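Colleague: This structure is in structure tokens; I'll ask about it shortly.
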Amino acid sequence: GLTFEWIVQPSPDGLAQAYLLTADFLNGAPSAMVLGDNIFFGHGLPKILERADQLETGGTVFGYRVADPERYGVLAYEGEKVSEIIEKPEKPPSNYAVTGLYFLDGSASERAAQVKPSSRGELEITDLLQLYLNDGLLNVERMGRGYAWLDTGTHASLLDAGNFVRTLTARQGLQSGSPEEIAFENRWISKSDLIAAAKPLGKNAYGQYLMQIAGDAE
């Protein structure tokens, strides 16, 4: 079965610190890290995640075109090849930001130990990714027009994300990112498990949605 462990970052010392704090838990295993304030949406998303997960060596990150790249880690290109990842540059070398989703191999914790604090006193994830890039071990995939990446780190972007998800839900009648629905469709849980999860929520729209999913499966 799956193993879970809560590990709390004692202070906001940078994303790369996550791989130091979880070194014993990972024990040399590959991992995927996603930032809690990020939302991803798009047809075929599971496929590109599966492709990233299948790589045994190196890492995979995802580039996404944004209008305000200075807020993010930005991809610098030499031709079609990524040459550098720059954290929050004043003059971005491209409009492609690195999203908050990282697939890294079992050397991530060891590499993170080589990262030095930046000028703002943090262990930057971009510096860790640069170590992979320097060794030719970083795969960068672009998420194109068919994908949505929302970073809800500001009040305005949180509102944008809420409106985006609400519009999709109202228009399609389908929930976005329902854990129970995803687990059921992948046969990780049974129909009876789905109904059991829905019953305590039967008085609200989400519970009714899960019961509808179960009913449609008959």
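Every number in this text was worked out from the coordinates using simple rules, so none of it is lab data. Computed from a prediction, not measured in an experiment: that's the story for all the values here. So basically every Cβ, Gly included, is an ideal-geometry build from the backbone, and we count neighbours across all protein chains shown.
Colleague: Among the lysines, select those whose C-alpha is under 29 Å from the C-alpha of K47, and discard any that sit fewer than 8 residues away in the same chain.
Modeller: By straight Cα distance, K47 reaches K81, K191.
Colleague: Sort largest first and round to whole Å: the equivalent ellipsoid semi-axes of the range 65-218, each the square root of five times a Cα gyration tensor eigenvalue.
Modeller: They are 39, 20, 15 Å, listed largest first.
Colleague: Right, something else. Within the range 32-108, report the GluC sites (Glu not before Pro) that DSSP leaves as loop and that have at most 14 other Cβ atoms within 10 Å.
Modeller: Here the GluC sites (Glu not before Pro) that fit, given the DSSP loop and packing criteria, are E56, E80, E90.
Colleague: Specify the inter-centroid distance of the range 87-108 and the range 1-70, based on alpha-carbon positions, in whole Å.
Modeller: Here the two parts' Cα centres lie 12 Å apart.
Colleague: Could you give P(r) for the range 1-160, binned at 10 Å from zero, as whole percent values over all Cα-Cα pairs?
Modeller: Reading the bins upward from 0: 10, 39, 40, 11, 0.
Colleague: Could you tell me which trypsin sites (Lys or Arg not before Pro) in the range 79-123 are loop residues by DSSP with no more than 12 other beta carbons within 10 angstrom of their beta carbon?
Modeller: Those satisfying the criteria are R120.
Colleague: HN-Hα J couplings of the range 34-41 from phi, Karplus 6.51/-1.76/1.60, θ = phi - 60°, integer Hz, Gly and Pro as x?
Modeller: Per residue, the Karplus-derived 3J(HN,Hα) values read 10, 6, x, 9, 9, 10, 10, 8 Hz.
Colleague: Explain nothing, just the number: dipole magnitude of the chain about its Cα centre with +1 on each Lys and Arg Cβ and -1 on each Asp and Glu Cβ, in debye rounded to the nearest 20.
Modeller: 680 debye
Colleague: State which helices in the chain qualify, where a helix is a whole DSSP H run, it must extend 18 Å or more along its own axis by its Cα atoms, and its mean Kyte-Doolittle hydropathy must be at least 1.6.
Modeller: Membrane-span-like by this rule: not one helix.
Colleague: Below 8 Å, C-alpha to C-alpha, sequence gap of six or more: please give me the relative contact order for the chain in percent.
Modeller: 22 percent
Colleague: Counting residues in the range 20-69 as N, plug N into 2.2 N^0.38 Å and put the Cα Rg over that result.
Modeller: The range 20-69 yields a ratio of 1.39.
Colleague: Return, for the Cα atoms of the range 144-202, the radius of gyration and Dmax in Å, separated by a comma.
Modeller: 14.8, 40
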